[in-house]
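Bear in mind that the values in this text are calculations on the coordinates, not laboratory data. From a predicted model like this one, the values you see are computed outputs, not experimental measurements.
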Amino acid sequence: MIDALDAAAASLSGDLARMSSIGHNLANATTPGYKRQVGASQSFEASLGEQGAALARAIPRFAIDAKQGALRVTDAPLDFAIDGDGFFELRTGSGPAYTRRGDFRLDGTGQLVTQSGHLVMGAGGPLVLRSAAPVITRDGRVLDDGQEVGQLKVVTFSDPRSLTPSDSGAVFTAADAALAAAPERTPRILQGHLEASNVNTAAEMVKLIETVRHFESVQKVVQGFDEMRERALRKLGEF
């Protein structure tokens, strides 16, 4: 039998985790390429397996919503958006990473990098440009002063929802070895565009209100159990 207070504690922990996730979504509502965090459902059998002592430690599982955000025109030559599936591949100090945030820039050596300084990968390695206004074709080929210097590396995943977001929420890693990156054969790149966050602020606010109300309801249940125990102890003391 699951202790009622253990179940309540698990529920409160879950609500706190949901509020943190919703807050992160709202904070990144204007971050280009951000993918909102959503609760990941699990099978009934898996839920049963978490009963007992583990229930008190249960924290909701979250996944990213890989749905494409709106594409907006910026006309900046180093702003790129992917229309459809895929992620730009990056090279970071801890290994490969992936993003749909395409507001890139050139570093001091002419390499194409993210705003955080991560190298943007081409099919043959990092992309080095002489001009700050290259031409990018729809299939991702990079033309610099009329010369083709490489092609943006765009990759896909069998289940992009399982990618692990970084603190920024717009850069992801494939922590699961089963999530192997595969080159996108027909990428559709739009130069002078950025993909907006896919967060719906109004919907997130509704979820936040629902979660806060649920948290308050469970608090009242806990207080009720506490009062019942206190009365029971008093009665025992009368014998």
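Add -39500 (n - 2.57) for each DSSP H run of 4 or more in the chain, then divide by its residues: what number comes out at 222 nm, to the nearest 500 deg cm²/dmol? Show your work: numbers first, answer last.
On the way: 3 runs with 68 residues, N = 239.
Result for the chain: -10000 deg cm²/dmol, rounded to the nearest 500.
Can you give me the angle between helix 201-238 and the longest principal axis of the chain, using Cα atoms only, in degrees from 0 to 90, rounded to the nearest 10?
With both axes taken from Cα atoms, the answer is about 20 degrees.
Roughly how tilted is helix 4-27, in degrees to the nearest 10 and between 0 and 90, from the longest Cα axis of the chain?
30 degrees
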